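None of the figures in this text is laboratory data; all of them are computed from the coordinates on show. These numbers were taken from a predicted model, which means no experiment stands behind them. A quick note on method: Cβ atoms are made from the backbone with ideal geometry, for glycine too, and the neighbour counts reach across all protein chains shown.
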Amino acid sequence: MAMQQMQLKVNGTLHTVMEQPHRTLLEVLREELGFTGTKRACRVGDCGACTVIIDGKAVLSCLTLAVEVQGREIITIEALGDGDRPDPLQRSFVDCGAVQCGFCTPGMVMSAKALLDENPHPDPDEVRRAIAGNLCRCTGYAKIVEAIEDAATRLA
Amino acid sequence: MSDYAVLGKRLPRVDGPVKAAGSARFTDDLSLPGMLHGKILRSPHPHARILRIDTTRAEQLPGVRAVIVGEDFGDYRYGLRADTRDEYPLARGKVRYLGEEVAAVAAVDEDTALEALELIRVDYEVLPAVTDPEEALLEGAPQLHDDKPGNISVHMKTGFGDVDEAFRQADYVREDRFYSQSVLHGFLEPNAALAHWEAPNRITIWASKQSPYFLYRNLSNCFNVPLSNVRLIQPYIGGGFGGKNGGYPVDFCAVMLSKKSGRPVKIVLTMEEVLSSHRRRHPMIVRLKTGVRKDGTILAHDCRIIADGGAGTGVGPSTIANAFYFLNLPYVVPNVRYEAFRAYTNRPISVAQRGNGIQQIRYAADVQLEMIAHDLGLDPVRIRQKNAVYTGYRTASGMNIHSCGLQETITGAVRAAEWDTHYRPWREKENEPLGRIATGVGIACNSFQSGARLTGHNCCTAVIKVHEDGTASLLTGSTDSGQGSETVLAMIVAEVLGIRLEDVFVPQTDSTVTPVDPGSFGSRVSSTAGNAVLIAARDARQQLLPVAAELLKAAPEAIEFRDCKVFVRGAPDKALRFRDLTRQTVAWGSGTSIIGQGSWGQTVPPMNFETGEGDASGAYSFGTQAAWVEVDTRTGRVTVPRMVVAHDLGFALNPLAVEGQHEGSIAGGVGHTIYEHCVEENGQNLTPNLTAYGLPTVYDLPREMVSLSIETIDPVGAFGAKESGEGTQVSTIPAIVNAIHNAIGVWITDLPVTPEKVLKALRDKKAQAKATAEGQS
């Protein structure tokens, strides 16, 4: 398939890539741009591990074609913080024990981030709805819900 | 109670920040210059003879660098023991399950590799398949392996005491059949391997392995290279639960494709491949006959098991032995008889999964105990208290209990569940009309091994390098697949050396650097590797003592290490900073290195796979779970809003990590009980994605989970700790199934508890009641 030039704005920086138009945002983020914090797990929209934020909404990057999201604001886990300066959400996930194997964690954090950006004081039902599309085998979700509520308190 | 500086504290895990930041590298996040992408061709038939494989067109496709088939591996087979090696990296002669690996391709990108797979022509002669383990054992059933007649992969027959006499003396005997279905490990990171072959004979592989040293040995044998040339580097692991223990075709194929192409090769399975053809838990049919006195005292178990082993043996002997061992615990069973067949079927291979064989048997035994309590009008809590084992108990089969807080876990669970407020026996409720939502509570107990004692190399080794600035590195071959063992082991180092948790670094397992280790299975890391770390840390401290004694002008026995200081006991002002001591020690004389080392292995003889006699482990955990269920009597849907775990874990090395294990166990157990099922029909997989399969979402699990740790300070485990990550999932199923009976008066003996089964059971009960009423009128 013919290559196509695409411009993707990721974490505030404009990237120009040559890509085939059937490539997903997940593939381009991971393989071309090196944003491997966004995880590739089910590839079919079941698990939420690939969640990124596009124009303020949590989106599954495995079901999104890269070519479709040119000119939009794409935010990945790498924009939130790092080991030195974590985002309050990342700090809460660690402190509350919401991280075990960590494979679902970036997607969970991004779903939570989209929620808190739009609704800084969610009730527990709203928190659960926000992560209903993110699967986790390790934690049983209890500490993840607790971490998101904890971050909302820290941010308040 | 304890005066520890680090242990017993709710400390966040050491790998939490990098995982939350997205910078923790898992296997699929790695790439090497010139790396190729591998894909695997899988069998479209559950059973077929391979007549011919033509790879010519695939090899000619531009971008393809290597194509391999079964013959490339010669006659290499692998398995747990010499007599059970029945798995091939790629199929030879026959395929034995849908999705079995037949050929593999490495190409410049995934799309090209996929296209090449379509160009491989395989001629099959389709054979009759058998996918039901009972049918597989019948005469005339299709045979899977020529050298294993009757499709018997494992057979175990044993007994202790006089079961027949016990049944004669029993006031009440009942026999039931239970079925536990096919479920997956459910890890979110699919199996993955990145391999680099360097001629003439050096292998480097990054692979998602909870027990990397299985694969290290497998690769040495398969490729005939010395172990010193097998470098297995363990990236972060996205969950294991028993499904990332050994070597699998994905690993062998990545190495062979790299050898053939001269380039690094990465293979990452899709979730559909995992769901269709990767290893899974043993489905089991359990027929259990139990005799009791009229007060509920258990006199005997007679148990017959047929396990669906799938097309290979894997770790099946341990699964079958485990089911026997834990027929003997957590209740006193003076007489026991057991016969189990693990049947080969044309299904993906069954292996260990969190609880390895023990869930299935305890589901049967604990639900049947509840049935007996119901039949005899006994209280479900009291019948468990009456039969509970205790410290000093020795099972009929010879398992020795050195610490046991089972009674305390029953008491704790009952209290936390507010049992006395919510529990009403079904007998009292059965004449009341069922509302739309019927509620009930249930209880069940468990026991588990604290480090499975298998045959062969079973000890853990730790090496601790103390750096001159007072920090330390811990080299261990025990991996952390998410359970938090890296943090717990680092806490032990920090405790003994008196430094902070953040001063201890645990690098990833690397087979050329870290000591060989059995692996992270059978709940062994915190207790077994923990003891090795404790010994190594004491060794390191011992090396620091002479210099400390010299500098502090004190006797070595009087010196303490705590809060990053080294001081004389009773004279805290006679102190120096730990980092000053390490600097001075490293430079003492002409200089030295501080390297502590320790090994510790299970103190009991290996499991007896033939008779099941003796111990399965040096220590056993005990626990109780209570479930609160709601059953929608119109839709048949069961939900579990609340669940309590009370676990005798010896000592909670890190209570935050322990809670995570308890909650995760509930998640796995609820999924197994209610939602999850691998369904195949006519050779097709009907559950090829996580949604169809039923991996629980946040809406499917209890909103409220209560975790209680009962500390009994075991004499064997590190600092008295026992396991706390698998036993906790053993009693989840029976607690829920017992609660369902308490809610609607039906026994579910066939998992999972789907709405259809609940509605059918309610209809059958109604019809039976009507027939009884008509018969009486």
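Annotations for the structure displayed:
- Ellipticity estimate at 222 nm from DSSP helix runs (n ≥ 4, -39,500 (n - 2.57)) divided over chain B, nearest 500: -8500 deg cm²/dmol
- Across the range B:410-422, rounded Karplus estimates of 3J(HN,Hα) from the backbone phi angles (6.51 cos²θ - 1.76 cosθ + 1.60, θ = phi - 60°) give 5, 4, x, 5, 4, 5, 5, 7, 6, 4, 5, 7, 9 Hz, Gly and Pro being marked x.
- The trypsin sites (Lys or Arg not before Pro) of the range B:587-684 that meet both conditions, a loop assignment by DSSP and at most 15 other Cβ atoms within 10 Å of the site Cβ, are B:Arg634.
- Shielding by partners - mean other protein chain Cβ count within 10 Å, residues of B:702-714: 1
- Coupling constants for the range B:591-606 follow from the phi torsions by the Karplus curve (6.51 cos²θ - 1.76 cosθ + 1.60, θ = phi - 60°), and in residue order they are x, 8, 10, 9, 10, x, 9, x, 10, 8, x, 4, 8, 9, x, x Hz; glycine and proline get x.
- A dipole drawn for the protein assembly as shown from +1 and -1 charges on Cβ atoms has a positive end, and of B:Gly745, B:Thr673, B:Leu329 the residue lying farthest that way is B:Leu329.
- Sorted ascending by nearby beta carbons within 10 Å, beginning with the fewest, B:Lys574, B:Lys209 become B:Lys574, B:Lys209.
- Ranked packing of A:42-50, B:238-246, most packed first, by mean Cβ within 10 Å: B:238-246, A:42-50
- Computed from backbone phi, the HN-Hα couplings of the range B:469-483 come to 8, x, 9, 9, 10, 10, 9, 9, x, 7, 9, 10, 9, x, 6 Hz, rounded to whole numbers (Karplus: 6.51 cos²θ - 1.76 cosθ + 1.60, θ = phi - 60°; Gly and Pro given as x).
- Mean ellipticity per residue at 222 nm, deg cm²/dmol - from DSSP H runs of n ≥ 4 across chain A, formula -39500 (n - 2.57): -8500 deg cm²/dmol
- Taking other residues whose beta carbon is less than 15 angstrom from the beta carbon of B:Glu468, and scoring Lys, Arg as +1 and Asp, Glu as -1, yields +1.
- Residues A:Leu14, A:Leu89, sorted so that the one with the fewest Cβ neighbours within 10 Å comes first: A:Leu14, A:Leu89
- Counting every C-alpha pair in chain A, the share spaced more than 19 angstrom apart comes to 50%.
- Mean Cβ count within 10 Å, highest first, over the residues of peptides B:277-285, B:353-361, A:67-75: B:353-361, B:277-285, A:67-75
- Within-9-Å neighbourhood charge of B:Arg77 [Cβ basis; K, R +1; D, E -1]: -1
- The mean sequence distance of close C-alpha pairs (under 8 Å, at least 6 residues apart), as a share of the length of chain B, puts its relative contact order at 16 percent.
- When the alpha carbon gyration tensor of chain B is reduced to an equivalent ellipsoid, its three semi-axes come out at 42, 38, 22 angstrom, largest first.
- Value of relative contact order over chain A, rounded to a whole percent, pairs C-alpha under 8 Å and six or more apart: 24 percent
- Sequence-distant residues sharing a close amide H with B:Arg347 (under 5 Å, placed H): B:Gly310, B:Ala311
- Working note: Cα atoms of the range A:4-77, range along each principal axis, descending, whole Å: 29, 24, 19.
- Cross-link pairs B:Lys429/B:Lys765; B:Lys157/B:Lys289; B:Lys429/B:Lys766; B:Lys553/B:Lys574 - those with Cα-Cα distance over 18 Å: none
- Span from the the range B:172-201 Cα centroid across to the the range B:269-304 one, whole angstrom: 16 Å
- Average partner coverage of B:25-34, which counts Cβ from other chains inside 10 Å: 3
- Mean per-residue shielding of peptide A:122-131 is 1, counting Cβ atoms of other chains within 10 Å of each Cβ.
- Peptides B:530-537, B:139-146, B:369-376 ranked from most to least packed give B:530-537, B:369-376, B:139-146, packing being the mean of other C-beta atoms within 10 angstrom over each peptide's residues.
- By the beta-carbon count within 10 Å of each Cβ, the least crowded to most crowded order of B:Leu127, B:Leu98, fewest first, is B:Leu127, B:Leu98.
- Between the range B:415-447 and the range B:495-560, the alpha-carbon centres lie 49 Å apart.
- Amide H contacts of B:Leu299: B:Gly291, B:Val292, B:Arg293, each under 5 Å away and 5 or more positions distant or on a separate chain (H built 1.01 Å from N in the peptide plane; Pro and chain starts excluded).
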